[in-house]
Each structure stands twice: as structure tokens, then as C-alpha cells.
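Pasting a structure here, questions to come.
Bear in mind these aren't lab numbers, they're just calculated from the coordinates by the rules spelled out. Computed from a prediction, not measured in an experiment: that's the story for all the values here. Note: ideal-geometry Cβ built from the backbone for every residue, glycine included; neighbour counts use all protein chains shown.
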């Protein structure tokens, strides 16, 4: 009964926010926008609402994320999800959702038309 | 860039809340409590905070959940996560997190000491 | 770069095979059949081939699985996947795939028509 | 009861193998090596065996993978797992395991020491 595991793909909403904590640990905050895709009974896809997720990564992973990622870029995140209740400065209870990223990666994009390689099959 | 996929195990906080929507579709709401487990450098485990997740399941799955689950029971959920912003009745912006359950299952528990079966290996 | 994480739902192909190892540890082997579901461009679903997975669970989880599961029952498994190469008795190299189950649960089924509960919303 | 979902991180064993099928569809085959990490009771980590997985991606994703990935590179894959039985040319039954990649991404690495950004918190 640990925290849930999540796999999320989304676009970075702002530049990676890298900081070193008071105890000297690297931390990077990322926010991603994930667009819901809905499929109708007839197979047609349409866009739903956008969900935003705050991701925090630590140590070497924080440094790697800060070095590599740019605002707007699609990334893939695997981690745990934590939901917290807290009181804001007006005493109103609020909910925060945070992904603790265990793996982060840059989603790849095709850059040009591809040429095929010879028909040998490396799996056999 | 669909909604993130989540796998969560937690205890049901209240009895399954089953309803039929105005358009005649079965829906069941579940809330689960997931306890964070933290492991120290020396390998020791300790409890962290509890995260609560709201789960909604639809149609046959809603009926099955309502038939089967009881308050307090540990369940396993696989689904999508949606985060929404909304204004409450005082005009304060709030965040809601919801898991749309695609698979729900009852976590099993050992009920008694086990006797071993013969040593034949069904995998071979 | 740990072993991959897998979430699988399938029907048990045989009764749970429970044993106690020579070192006194409970172990239960399960085999599940997972049917591929294919969706055509027009939204129609059809069945594809069946994939079989061997699952092994240990200790209390092994006892719980052996106590609870029956042949034919649909279960939900979360765990790690390991692929091994080995030589069979004829010296032919073979591949084995194994899921080390970290969470196992019984998929729920609706047993009867449901009556709705009052319209109060426990989430609010 | 669809095919299982898998999330795998591993190093590419060979260069991406890109081809266009007879029906004109782009396909890219990837093989990744995933090292098991074992944790002893005292918290110490050690390496276990390596599991190899064959990944196939299709269409735009195939082109993107072929454009971007290099042998040896760590990648993150999310997809479905299919296990097939087949007879080899000697009539021996064999097992093949394949991941149908739905999302593939390049794992990031830190390239240099990081400087911290100012202490403003973009989440608040």
C-alpha cells in the first residue's frame, strides 16, 4: 500500500526550475500539461480538457532534467503520486498533487523522411 | 499525450457510492487511502503521510464494485488520472484529482496456514 | 534501469500452485491468459491472440493467492518482468518470461442489478 | 483483459532497425537491456541478471525512434507486451516476447554541474 505509480506524458509548461535545497540537495520542479483524448463509439478522437501535473525530481535526475529540458517540450515521466491537503494563507483547505519523478525522458520526434535499412532482421 | 496512467492500491475510506445518472448510466464512486512507505538508507521502512484518491468507475464495473467492495477493504485500481481546477461557492479556485478506474480488483489476504502441494512444476 | 514494471489482467489457466521452498519460504505460481483486443479504425473491437504469462508470488502474498484464487478466475497483477535465456535438456536455447508479482487482486464481477443510493455526494 | 501494460527503461543493444513494410508502413525494431537491481534487507543494492526485451514501434513513432536513438543509449518505453509461441525451423516450440511501444523517450543525463536559479517558486 505504497503511493500509486504513474506514467505521464505531457508538454513542459515552463522552463525547468532547478534549485539546491538548504541541505545541499539538487531539486528540479517541472510542470506538464496532459491533454485528454476521447474516443467516440464510431472511433473518432477528440480533445478533452487539459490536466496539469507538478513533477519534482531530485539529485542527479534533477541536474539532468535542468540540463536537457526546455519549455514546451514533450516529456515522459514515471514516478509516484502524492496528494496533500494544506491550508492556504486565508485558512482555506486546499489540495495539492505532486508526482515524485523516478524516471524522466525526452519524447522523440521524427525530423525527416526515413530511408529503409537492409532487410536483415536483427531479432533472428 | 493522453491522460496519465495510474496503478494504485489503497483501503476504501467509505462504502462504495453507487448511483445511476440522469441518462441511465451506472456510476460508482470510491475513495482510497494510500499510505506512503519510506525506506531509509539503512533499509528500514517507515510510514509517511496518507494520500487520498477519488476513483470513479462506470457501467458494469460500477455495478461490480458496488456489489463486492466494503468500507475498509484494500483494493487495486488501474486507470487514468484527471486534475481539474474549479471555483467553489466562495469563488476560491480549487483542485480536484480523480482516477477514472478502468480495472478494479480486491486485494487478496491469507486466511490460514498453507499446506504445500506436491513438487510437480506446472510450468515445465 | 531496474526490471520493467507490468500491469496485467488475465484469467487463471490452472489452480494456484503453492509450495514451500527448501529454505522454508512460501511461493505460489500462477499462469494467466491475456487476450489481445484490437480496435479497427472504425471503432470496432475484435479479439487477437492470447498471451500467456507465468507469475510467481512469495511469502504472505503466496499464501493469500493460494487461499483465494481459483482456476478460470480473472485476476489483476502488478509486478516486475524478467526474461531469461536457458538451455533445455536437448541443448536448445529457450526464452522464459516471468512476472514477479508485487500485488495480486481478484477482479470484481457484477452479481445482480443494482439499486441506486440517495443522491448525496460523499466527495463534497 | 487486454494485453498487459509495461514500462521499461533500458539501454539500446543495437542501432534502431528501421524498415518500411510491404504495405508501406514504417516500423522500427529496438532491443533494450534491463539490469535487475536487488536490494538486501540491510538496504544495500546489487546487480542481478540482465533481461532483454524486443520493442517494435510503428509509423511516426518508428521514424522518430530511428532518427533519434543510438546504440547504447538509455531509453524509456511504455507499451503493451505480447508473448507468442512458435515453431522454429527444427520444429522446436519457442517463446517470443515483444513490447509494442506506444511511447518512447530518451532518458536524460546530467552533462555538467548545475547553478541554482533564484529562489522564486513557480508552483506558488
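From the label point of residue C:72, set 7 Å along Cα to the beta carbon, how far off in nm is each other copy's matching point, shortest first?
Once sorted, the set of distances for residue C:72 reads 3.2, 5.6, 5.9 nm.
Also, I was wondering about something else. Starting from the Cα coordinates of chain A, work out the convex hull volume and express it per residue in Å³.
253
Which single residue of chain B puts its beta carbon nearest to the axis of rotation relating B to C, and what distance, in whole Å, does that give?
B:105, 2
Give the average, rounded to an integer, of partner chain Cβ atoms located within 10 angstrom of each Cβ in C:57-68.
The shielding value for this peptide is 4.
Also, I was wondering about something else. Between copies, how close do the residue B:90 label points come, placed 7 Å along Cα→Cβ, listed in nm from shortest?
Once sorted, the set of distances for residue B:90 reads 0.7, 7.6, 7.6 nm.
What is the average number of partner chain Cβ atoms found within 10 Å of a Cβ in A:75-88?
Across A:75-88, the average partner-chain Cβ count within 10 Å equals 5.
Put a label point 7 Å from Cα along the Cβ direction on residue B:49, then list its distances to the equivalent points in the other copies in nm, shortest first.
The projected label point of residue B:49 is separated from its counterparts by 2.3, 4.2, 4.8 nm.
Rg and Dmax of the protein assembly as shown, using alpha carbons, in Å: what are they?
23.4, 75
Using only the Cα atoms, work out Rg/Rh for the range A:61-111, with Rh taken as the Kirkwood radius, to two decimals. Walk me through the numbers on the way to the answer.
On the way: Rg = 15.4 Å, Rh = 13.4 Å.
Over the Cα atoms of the range A:61-111, Rg/Rh equals 1.15.
Arranged from highest to lowest average of other beta-carbon atoms within 10 Å per residue, in what order do the peptides C:24-33, B:78-87, D:25-34 appear?
Highest-to-lowest ranking by the protection proxy: D:25-34, C:24-33, B:78-87.
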